[in-house]
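This report concerns only the one structure given below.
The values are calculated or read from the model by the stated rules, or taken from the named source; none is laboratory data. Keep in mind the model is a prediction, meaning the values are calculated, not measured. When we count neighbours, we look across all protein chains shown, and the Cβ atoms used for this are built from the backbone with ideal geometry, even at glycine.
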């Protein structure tokens, strides 16, 4: 399509939309806020009877449009990189549990005392409190976001969800994400919790008590920045109040890992797990809420 034909598709007064400097009579404003000299049907554009491709994308400022009106809008941010994705609805029901993240690493796990039920919310992995899915060595990096849909059942003490460390003191490096803090043997505190160790120091950041709901589907998330020593917790897309200290520096993240217990098999969770995602980036509050909001219909929410 030539320029004159394109310009005549839509009519606007140059006086309203295209003025710039002393040569406003033959200039028009394009959709990106740039000015151009042009003619229509052999006649210069003027401020009484002009043609312009379309009005500007921003309101006219006081004093008219300048030569550097506005930069084009920034492109949308790329989607957060999904590194690991284990969803019971995508599982065949037998064999290794594959990583379903598009382009993700070949990180398949083997089940121990974990059953698969395709008849519940499209599919769940059922952890009875003494089972797990075991994986080989994986480098989680320094920026980690974990999102999971869980249906917890009553079990005192720690319920391990995702872990690279065995049970014990600070000399056992790695991280554990789960719920119920250690030694809550008489009454589960229902906090979303963690154990974070660099091999010589360990901290246990957690939420306040009473966050986890027994016998109900819920979306929980952990956002861990190993460079800033911070760990945030979310439930159903909402950030939760935190107790305890910051994480120690340089938490070890490159190890074998398990879903459903600590890395050594201790402190298994008593729960159903529908899906677990690991992003190799820090998701913000909007990202976390969107992950919850776009997946909750599966659980009748």
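Yes/no per residue for (1) part of a strand (DSSP E or B); (2) over 21 Å from the mean Cα position of the chain (by Cα); (3) at pLDDT below 95; (4) assigned by TED's automatic domain parsing to the domain that holds residue 216:
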{"site": "245", "(1), (2), (3), (4)": "no, yes, yes, yes"}
{"site": "248", "(1), (2), (3), (4)": "no, yes, no, yes"}
{"site": "255", "(1), (2), (3), (4)": "yes, yes, no, yes"}
{"site": "263", "(1), (2), (3), (4)": "no, yes, no, yes"}
{"site": "272", "(1), (2), (3), (4)": "yes, yes, no, yes"}
{"site": "278", "(1), (2), (3), (4)": "yes, no, no, yes"}
{"site": "283", "(1), (2), (3), (4)": "no, no, no, yes"}
{"site": "288", "(1), (2), (3), (4)": "no, no, no, yes"}
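Scanning segment 117-127 for residues that are assigned to a strand (DSSP E or B) and crowded, with 16+ Cβ neighbours inside 10 Å turns up 124, 125, 126, 127. When 100, 94, 110 are checked against the criterion of being surrounded by fewer than 19 Cβ atoms within 10 Å (Cβ to Cβ), under 22 Å from the mean Cα position of the chain (by Cα), in the same structural domain as residue 284 (by TED's automatic domain parsing) and over 21 Å from residue 217 (Cα atoms), 100 stands alone in meeting it. When restricted to residues that are in a loop (DSSP other than H, G, I, E, B) and within 25 Å of the chain's Cα centre (by Cα), segment 199-210 contains 5.
Looking only at residues of segment 211-227 that are surrounded by fewer than 17 Cβ atoms within 10 Å (Cβ to Cβ) and not in a strand (DSSP E or B), we find that the one that is nearest to the chain's Cα centre (by Cα) is 227. Within the option set 181, 157, being on the phi > 0 side of the Ramachandran plot and assigned to a loop (DSSP other than H, G, I, E, B) holds for one residue only, 157. Is one or more of the residues making up segment 277-295 over 25 Å from residue 81 (Cα atoms) and surrounded by fewer than 19 Cβ atoms within 10 Å (Cβ to Cβ)? No, that holds for no residue.
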